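What follows is a single structure, written as structure tokens, with notes after it.
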Amino acid sequence: MRKRALALALWLALAVAGQTVQAELPNVALPEPNKDTLDYGLKATRIAKGWYVIAGANDDFSPANGCNIINTGFYVDDTGVWVINTGTSRLYGEQQKALIGRVAKGKPIVQVIALNLHPDYFLGNQAYEQATLAATRVTLAGMRAEANMYEDNLYRLCGDWMKATQAVLPSQTLQPSALKALGNRPVQALELKGHTDSDLVLFDPETRVLWAGGLVFYQRIATTPHAKIKPWIESLKTLKALKPKVVVPSHGPVSWGTEAIDQTLDYLTWLDQRLTDAARMGADLNDVMRQGVPERFKGFAAYPAEFYRNVTHLYPAYEQAELGGFK
């Protein structure tokens, strides 16, 4: 009793002093892929009431990890299950659905939500009834335009993990303003932009769990094939204002508070300034890549390859903007 009383007194003293008392995140289980059996080794971790994350590797696409680098997840209550993203392949979707069935004890799948147009958000859709599949109007248009290219590229990168994978597009056009709840759970659905032209995020005001999608990367270099950095920075400020307790990024570990948002904001702000300065100095693309990143980013997953892709994707527009200033 004495130890408990002392612990309570310490907690109260910290609270009175205005210091933050943080709960600990659960130990999120990581996948254990087996390339020989094409088993992704998916595991579900409960992160809040009704919310589960299925973690991916914090890495770049490779056959060794099954090209499973995305955090997917689901919400379950007495009325059914809502799935968030379906992974990179038919096999992933099937194994994800089986795992969800075990955790949710066979409750029906109500809806399957793709947070953006990138392939690891929806190429597992084959495992689900098409009538349950949902995405925003802009995301759906992007999927239609790029699905065949995604399939070809991932077959080359991932090999047998992609067996019999074909894109199945959502039949539901999701209106974020109309998505007020998942079953009995009130949620806020926000359609932002920056990582893509339609970045859907889901926020649970009660548990303060934020599914941040591709807007947030944690301990990993951000991907930028469809990115517009300045709108992305503004979207991150919007997410930060929600004051989440738990952030599930699509790539990188689940994190507490706004740490992952802050880290992504730091990287993108630096990248925007770096590319702006390089264009003003007339540096060529190879010079920008050779200079690399500040020390604080060098330990991030997918560095340097993803940084090189960032520069390749983004720098030409900065050069063009600088040249336009002389007209």
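Please identify the pairs in which a residue from segment 210-228 that is within 23 Å of Ala189 (Cα to Cα) and touching a residue at least 40 places away in the same chain (Cβ under 8 Å) has its Cβ atom under 7 Å from the Cβ atom of a residue that is polar (S, T, N, Q) and in a strand (DSSP E or B), counting only partners at least 6 apart or on another chain.
Correct list of pairs: Gly213/Ser250; Gly214/Ser250; Tyr218/Ser255.
Select from segment 272-303 the residues that are farther than 30 Å from Gly56 by Cβ and touching a strand residue (DSSP E or B) at 6+ places or on another chain (Cβ under 6 Å) and list them in ascending order.
none
All but one of (1) in a loop (DSSP other than H, G, I, E, B); (2) at pLDDT 95 or above; (3) not acidic (Asp, Glu) hold for Val76; state the number of the condition that does not hold.
Evaluating Val76 over (1) in a loop (DSSP other than H, G, I, E, B); (2) at pLDDT 95 or above; (3) not acidic (Asp, Glu) leaves (1) as the failure.
So is Val83 of a type outside the set (S, T, N, Q) and within 22 Å of Thr139 (Cα to Cα) or not?
Numbers: of a type outside the set (S, T, N, Q): yes; within 22 Å of Thr139 (Cα to Cα): yes.
Yes; evaluated as a whole, the condition is true for this residue.
Residue-by-condition table, conditions (1) in a helix (DSSP H, G or I); (2) over 18 Å from Gly214 (Cβ atoms):
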site: Pro253; (1), (2): no, no
site: Ala260; (1), (2): yes, no
site: Leu265; (1), (2): yes, no
site: Thr269; (1), (2): yes, no
site: Gln273; (1), (2): yes, yes
site: Ala278; (1), (2): yes, yes
site: Asn286; (1), (2): yes, yes
site: Arg290; (1), (2): yes, yes
site: Arg296; (1), (2): yes, yes
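Among the residues of segment 115-128, are any at pLDDT 95 or above, part of a helix (DSSP H, G or I) and either β-branched (Val, Ile, Thr) or over 20 Å from the mean Cα position of the chain (by Cα) (or both)?
At the first step, the residues of segment 115-128 found to be at pLDDT 95 or above are 115-128.
Among the residues that remain, those that are also part of a helix (DSSP H, G or I) are: 119-121, 125-127.
Still in the running and either β-branched (Val, Ile, Thr) or over 20 Å from the mean Cα position of the chain (by Cα) (or both): 126-127.
There is at least one residue in segment 115-128 that is at pLDDT 95 or above, part of a helix (DSSP H, G or I) and either β-branched (Val, Ile, Thr) or over 20 Å from the mean Cα position of the chain (by Cα) (or both).
When the residues of segment 48-73 are narrowed to those that are part of a strand (DSSP E or B) and in contact with a Gly (Cβ under 8 Å, 6 or more places away or on another chain), which ends up surrounded by the fewest Cβ atoms within 10 Å (Cβ to Cβ)? Quick ask: steps written out before the conclusion?
Step one: list which residues in segment 48-73 are part of a strand (DSSP E or B), which gives 48, 51-54, 72-73.
Still in the list and also in contact with a Gly (Cβ under 8 Å, 6 or more places away or on another chain): 51-54, 72.
Values: Trp51: 23, Tyr52: 21, Val53: 25, Ile54: 28, Thr72: 29.
So the residue we want is Tyr52.
The values are calculated or read from the model by the stated rules, or taken from the named source; none is laboratory data. Model, not experiment: these values are computed from the prediction. Ideal geometry is used to build each Cβ from the backbone, glycine not excepted, and the neighbour counts take in all protein chains shown.
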